[in-house]
Amino acid sequence: MSVPIFSGQNYDYWAIKMKTYFQSQKLWELVEEGVTLPEDSSTSSSAEKGKLENKKAKDSEALYYIQTAVVDHIFPRISVATSAKEAWSILQKEYQGSTKVRIIKLQTLRRDFENMKMKDSETIDEYYTKVRELVNQLKAYGEDIPEKRVVEKLLISVTEKYDPIVTTIEETKDITTLTVTELVGSLEAYEKRRSRREENSLENAFLV
């Protein structure tokens, strides 16, 4: 598995991919929290020293992955970083902003998510793509968005023409276990049936 490359664009998406990569390598905790050094290593046992050295080696491995995941013109920004956490924080601060800026951005994204509504001119696929992109941005800023929340959002924000299928889903499905994929599939199937009925009605009108 090769690391995703960051060229300076779409940091949020790159960060999500890198987090997944680090989790697959059991390195994310080191990137997020760093290596905690004991105040007095002279009192540490041989086993404790061995664990610490292993953590340092893993941290160096994570740092190397970050270094190789950025293009040459970005590398100088993290070239002096001595830990994975430091390198990660440098990139995060530059491309996502300071903690204060990230909090403001997160609040804006939350508000956008709550206010998002489907337009009459949009298809389910187009609207869900917008919702998914916003959810990915929220996740990139540390927001936990469970699938149930996305399902509920879609159900209450599609246009009125989907009311019949939404009512059917709410009455016949367990919303707490319904997946986004299942919901979108049902909405798209209804959308296609409705479109065919409208086309047939239009054809019949011309025949009259």
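The values are calculated or read from the model by the stated rules, or taken from the named source; none is laboratory data. In this text, all values refer to a predicted model and were calculated from it rather than measured experimentally. We place every Cβ from the backbone using ideal geometry, glycine too, and count neighbours over all the protein chains shown.
Side notes on the structure shown:
Let's see how each residue does on (1) at pLDDT below 95; (2) of a type outside the set (Asp, Glu); (3) at negative phi:
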| site | (1), (2), (3) |
| --- | --- |
| Glu33 | yes, no, yes |
| Pro38 | yes, yes, yes |
| Ser44 | yes, yes, yes |
| Leu52 | yes, yes, yes |
| Ser60 | no, yes, yes |
| Gln67 | no, yes, yes |
| Val70 | no, yes, yes |
| Lys85 | no, yes, yes |
| Lys93 | yes, yes, yes |
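- Candidates Ser45, Ser83: the one that is closer than 21 Å to Ser2 by Cα and either outside the structural domain of Gly142 (by TED's automatic domain parsing) or free of Cβ contacts under 8 Å to residues at least 12 places away in the same chain (or both) is Ser83.
- Considering only residues in the stretch 108-133 that are among the hydrophobic types (A, V, I, L, M, F, W, C) and farther than 12 Å from Val184 by Cα, the one that is farthest from the chain's Cα centre (by Cα) turns out to be Met118.
- Residue match in the stretch 140-149 (condition: under 28 Å from Gln107 (Cα atoms) and among the hydrophobic types (A, V, I, L, M, F, W, C)): yes
- Close Cβ contacts (under 6 Å, 6 or more residues apart or on different chains) running from residues in the stretch 1-21 that are touching a residue at least 24 places away in the same chain (Cβ under 8 Å) and among the aromatic types (Phe, Trp, Tyr) to residues that are assigned to a helix (DSSP H, G or I) and surrounded by 16 or more Cβ atoms within 10 Å (Cβ to Cβ) comprise Phe6/Trp14; Tyr11/Tyr95.
- Residue match in the stretch 26-40 (condition: among the hydroxyl-bearing types (Ser, Thr, Tyr), outside the structural domain of Gly142 (by TED's automatic domain parsing) and either in contact with a Gly (Cβ under 7 Å, 6 or more places away or on another chain) or not in a loop (DSSP other than H, G, I, E, B) (or both)): no
- Leading residue by the ranking (modelled with the lowest pLDDT) among those in the stretch 1-19 that are of a type in the set (Val, Ile, Thr) and farther than 15 Å from Lys139 by Cβ: Val3
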